[in-house]
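J.: One structure coming up, written as structure tokens, with questions to follow.
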Amino acid sequence: MTVHAPLIIDVAGLSLTRADCQRLAHPLVGGVILFGRNWQNRDQLTTLCRQIKSVRPDLLIAVDHEGGRVQRFRTDGFTHLPPMAALGALWMRPEKAGEMTGTSALRACAAATAAGYVLGAELRACGVDLSFSPVLDLDHGGSSVIGDRALGRDARVVTLLAQALMLGLKQSGMGNCGKHFPGHGFVKADSHLEIPVDSRSLKAILAEDAAPYGWLSSSLEAVMPAHVIYPKVDRRPAGFSARWLQDILRHRLGFTGAIFSDDLSMEAARFIDGQRVSFTEAALAALAAGADMVLLCNQSIVEDGTPIDAAIDDLSRAVLQGDWALSAASEARRQALLPVGAPLAWDELMVSERYMHALSMLP
């Protein structure tokens, strides 16, 4: 049994190469994140997922598949899911003549559950285990990287819509991952390209952007922190901060599920305490801060995957030298995200009453 497999890596193409298989077989590798380059059609995706599971059945297959502009698979029958902002807009729509107050909110929650079910059921039918969803960021109006990915501006509305969407994911047999803790929506900078800084106080952040994480702490199965610095709380980005991940997220807000780092290849993840760091240094910092798994994305296509090989070797060395301790609790949280039970096959899903009803409920 794997003691702790924290690395989530990517693969190069439409099928596994020998190098991909060797990396996925390593005991420190716990899963794969898929991208658009890994997609040709449903049959190819299903075959790729089967190949991954044939290397190790416990590997977690994940993808960023939220709807709107962040949806990796869009053709060959996949539903074009609306951006999450459409659900928030449905909530805010005035009631029709004769409808009771709150009807629009209930209608939006029903649509969110439908969106979660369609999202999860289609992915699971092709062999994908987890989508990094829902986005819990608030739309403060200035963030281009979040924007219409957010469910809304009001933390209460975001929480209830996310809860409804997570119910739909659960009905499909898929887990969930709220992101980006404690909130990426207030800052304008894109953490893929630079290091965003949110200068608000801890009290202000907890009252708004981080509030959904507390309200959903018993429902969230995983959380992904932001590569954002909140200097009035910690000088490190949240994903590398024990104050944020352990003191606040786990102890203050009561979250007990898995913590993923965001992509360690992003620019905001390459500087800690003002110093440029390697992938391995970033991974060790995230794990030391309280992350259970760390994502290293889009590196299989860089120098034939050399950055992934180096990270695996360096993490292995860190274990042997005692610089990092494997965590059975982290491994249990990773394994808990693997779906239980077989999904509906695609053709069966397409004619199921629940799926067809869910499609009719989408905004």
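The values are calculated or read from the model by the stated rules, or taken from the named source; none is laboratory data. No experiment lies behind these values; they were computed from the predicted model shown. Don't worry about glycine lacking a Cβ; one is built from the backbone with ideal geometry, like all the others, and counts go over all protein chains shown.
J.: Considering only residues that are in contact (Cβ under 8 Å) with a residue 60 or more places away in the chain and assigned to a helix (DSSP H, G or I), look in region 296-318 and name the one that is farthest from His227 (Cα to Cα).
T.: So, considering only residues that are in contact (Cβ under 8 Å) with a residue 60 or more places away in the chain and assigned to a helix (DSSP H, G or I), the one farthest from His227 (Cα to Cα) is Asp304.
J.: Any residue that is in contact with a Ser or Thr (Cβ under 9 Å, 6 or more places away or on another chain), of a type outside the set (Ser, Thr, Tyr) and crowded, with 20+ Cβ neighbours inside 10 Å - is there at least one of those in region 314-323?
T.: Within region 314-323, one or more residues are in contact with a Ser or Thr (Cβ under 9 Å, 6 or more places away or on another chain), of a type outside the set (Ser, Thr, Tyr) and crowded, with 20+ Cβ neighbours inside 10 Å.
J.: List every residue pair whose Cβ atoms lie under 9 Å apart, where the two residues are 6 or more positions apart in sequence or sit on different chains, the first residue falls within region 267-295 and is over 17 Å from Val223 (Cβ atoms), and the second residue, located anywhere, is assigned to a strand (DSSP E or B) and polar (S, T, N, Q).
T.: Glu281/Gln275
J.: Would you check which residues across region 242-268 are touching a helix residue (DSSP H, G or I) at 6+ places or on another chain (Cβ under 7 Å), at pLDDT 95 or above and either part of a helix (DSSP H, G or I) or among the charged types (D, E, K, R) (or both) and list them?
T.: Within region 242-268, Ala242, Trp244, Leu245, Leu249 qualify.
J.: Among (1) farther than 22 Å from Thr306 by Cβ; (2) surrounded by fewer than 23 Cβ atoms within 10 Å (Cβ to Cβ), which single condition is Leu45 missing?
T.: (2)
J.: So which helices (runs of 4 or more DSSP H) stay within region 1-98 end to end and still have 3 or more residues that are of a type in the set (A, V, I, L, M, F, W, C), over 30 Å from Ser327 (Cβ atoms) and at pLDDT below 95?
T.: none
J.: Considering region 154-203 alone, what residues qualify as being of a type in the set (D, E, K, R) and touching a Pro at 6+ places or on another chain (Cβ under 7 Å)?
T.: Hits for region 154-203: nothing passes.
J.: Considering only region 209-244, state which residues are among the acidic types (Asp, Glu) and free of Cβ contacts under 8 Å to residues at least 60 places away in the same chain.
T.: Asp234
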